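J.: A single structure is presented below for examination.
The values are calculated or read from the model by the stated rules, or taken from the named source; none is laboratory data. The shown structure was predicted, so the numbers you read here are calculated from the model rather than taken from an experiment. With ideal geometry, Cβ positions are generated from the backbone for all residues, glycine too; neighbour counts draw on all protein chains shown. For the accessible areas, the whole protein counts, side chains as well, though only heavy atoms, and no ligand, DNA or RNA atoms are used. Shrake-Rupley method; radii C 1.70, N 1.55, O 1.52, S 1.80 Å.
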Amino acid sequence: MYLHPELETMTRPEIEKLQMGRLKTTLQRCMNAPFYKKRFEEHGLKPEDIRSLEDLRKIPFTTKQDLRDNYPFGMSVVPLEQVVRLHSSSGTTGTPTVILHTQKDLDEWANAVARCLYMVGLRPGDIFQNSSGYGMFTGGLGFQYGAERLGMLTVPAAAGNTKRQIKFITDFGTTALHAIPSYAGRLYEVMEEMGIDPRRDTKLRTLIIGAEPHSDQQRRRIEDMLGVKAYNSFGMSEMCGPGVAFECPEQNGMHIWEDYYIVEIVDPETLEPVPEGEVGELILTTINREAMPLLRYRTRDLTRILPGECPCGRHHKRLDRMKGRSDDMMILKGVNIFPIQIENILMQFKELGSDYLITLTNLEANDEMTVEVELNEFIDDYGFMQRLTKEITRQLKDEILITPTVKLVPKGSLPKQEGKAVRVKDLRKTLI
């Protein structure tokens with residue numbers, strides 16, 4: 001069950017003792033970065049002032065803007081000649097964020113990803129296909145090196161070219177696939193068009209999904225379509241990439257590897273801790289990184305720590321699936337709304353497909369929301385379509401407290417993305 005049993009099965013006291021030791025080392029290393037040295041001096045702090053995990057709250061947060069302000073190498077704590085890898089954020093505007101890695105950092109990253117893949121049952125002999133982008137995006141190389149570290153034959157298919165992806169799956173006997181949820185749905189659509197039954201014509205049995213918020217209903221739908229078990233994963237470039245947290249076979253939350261990270265959940269407005277089990281913003285501190293450790297990094301991802309123990313025997317805390325991002329929140333008529341709330345409703349209707357688009361507009365100074373969602377198949381019954389639209393609208397209103405305009409559109413009519421699906425189009429900014 002465990003690739004690293006001595007680390008995966010630690011008790012809570014053992015985890016916290018390890019974290020404290022690694023945190024002390026990390027704080028000393030951080031003093032080699034001008035940014036952290038100055039930040040500590042400004043707040044009258046010294047590394048030795050942090051005597052317990054609770055004292056971590058004395059340290060100010062680190063933000064994405066801090067990384068941008070110190071672009072490209074201002075937050076490194078080692079000389080550049082010790083750095084062997086650079087990854088950059090995928091943002092297309094403004095100054096990107098840069099993360100640096102030593103060889104040890106890359107080795108530990110590969111170990112973490114291998115641990116995740118082993119946990120869901122993958123072994124040497126499996127054939128792992130990776131449909132993530134490579135290059136600056138961490139999802140490609142992160143899963144590549146983790147799968148190779150585990151000893152699997154690895155297919156670096158990269159993103160896009162869906163028919164080629166399917167050819168690789170069928171020709172190479174791919175047993176495990178990494179894909180973002182929206183692309184998994186696209187793969188199934190093209191398989192249908194090609195007359196391929198994934199249950200009959202492929203050896204796929206494990207799917208790794210992540211990188212974009214998705215509901216449990218969407219996950220179950222993907223499992224039904226492809227005939228696989230789909231495991232949720234969480235990662236971000238600032239924390240290395242994939243391998244930060246991962247579901248075990250229980251599929252009841254993602255274990256976050258606390259030998260690598262200290263996790264906090266705070267209210268995104270007050271920045272105060274929230275009680276365990278309540279949703280807030282995920283804050284992460286790296287404690288096993290050489291080149292560029294980050295203290296109390298604001299991820300902007302919204303989640304919660306799931307209470308209770310996991311039957312798998314691991315005591316590392318479990319994160320709930322990501323609810324969205326605090327900076328992706330839509331405010332409409334004074335109501336805070338996240339796309340995942342809308343998806344949760346849509347995925348309950350078997351008549352609907354997985355693709356939808358939320359468009360926000362201004363109409364006579366009034367904010368309006370239109371939800372377009374694809375049908376699973378053509379429905380030649382106007383009365384039924386009206387009733388279905390009315391019921392979807394009612395359930396959405398109950399969930400988000402405003403009444404959207406719901407449009408049921410033919411399958412395949414919404415724009416397809418090779419990368420992360422675009423779920424929200426906010427046209428209000430261009431109309432103000």
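J.: Return the only residue of Glu264, Glu281 being open to solvent by 20 Å² or more (accessible area, probe 1.4 Å) and touching a Pro at 6+ places or on another chain (Cβ under 8 Å).
T.: Glu264
J.: Does the range 237-251 include one or more residues that are more than 24 Å from Gln28 (Cβ to Cβ), of a type outside the set (S, T, N, Q) and open to solvent by 20 Å² or more (accessible area, probe 1.4 Å)?
T.: Yes, because at least one residue in the range 237-251 is more than 24 Å from Gln28 (Cβ to Cβ), of a type outside the set (S, T, N, Q) and open to solvent by 20 Å² or more (accessible area, probe 1.4 Å).
J.: Considering each of Val77, Val98 in turn, give the residue that is of a type in the set (Val, Ile, Thr) and touching a strand residue (DSSP E or B) at 6+ places or on another chain (Cβ under 6 Å).
T.: None of the other options fit; the residue is Val98.
J.: Now, a different point. At least 3 residues that are among the hydrophobic types (A, V, I, L, M, F, W, C) and under 26 Å from Asp355 (Cα atoms) in each: list the helices (runs of 4 or more DSSP H) lying fully within the range 120-226 that qualify.
T.: 162-172, 181-193, 216-226
J.: Scan the range 385-424 residue by residue and report those that are of a type in the set (S, T, N, Q) and either within 28 Å of the chain's Cα centre (by Cα) or under 30 Å from Ser131 (Cα atoms) (or both).
T.: Hits for the range 385-424 are Gln395, Ser413, Gln417.
J.: OK, next. Looking at Leu294 and the list (1) farther than 22 Å from Val120 by Cα; (2) at pLDDT below 95; (3) not charged (D, E, K, R), which single condition is not satisfied?
T.: Leu294 satisfies every listed condition except (2).
J.: Evaluate the following for Glu399: is it in contact (Cβ under 8 Å) with a residue 40 or more places away in the chain, part of a helix (DSSP H, G or I), open to solvent by 40 Å² or more (accessible area, probe 1.4 Å) and not hydroxyl-bearing (Ser, Thr, Tyr)?
T.: Yes.
J.: Give Lys38, Lys17 a once-over and let me know the one that is more than 22 Å from Val263 (Cα to Cα), open to solvent by 90 Å² or more (accessible area, probe 1.4 Å) and at pLDDT 95 or above.
T.: Answer to the check: Lys38.
J.: Select from the range 201-236 the residues that are touching a helix residue (DSSP H, G or I) at 6+ places or on another chain (Cβ under 8 Å) and among the polar types (S, T, N, Q) and write down the one among them that is most open to solvent (accessible area, probe 1.4 Å).
T.: Gln217
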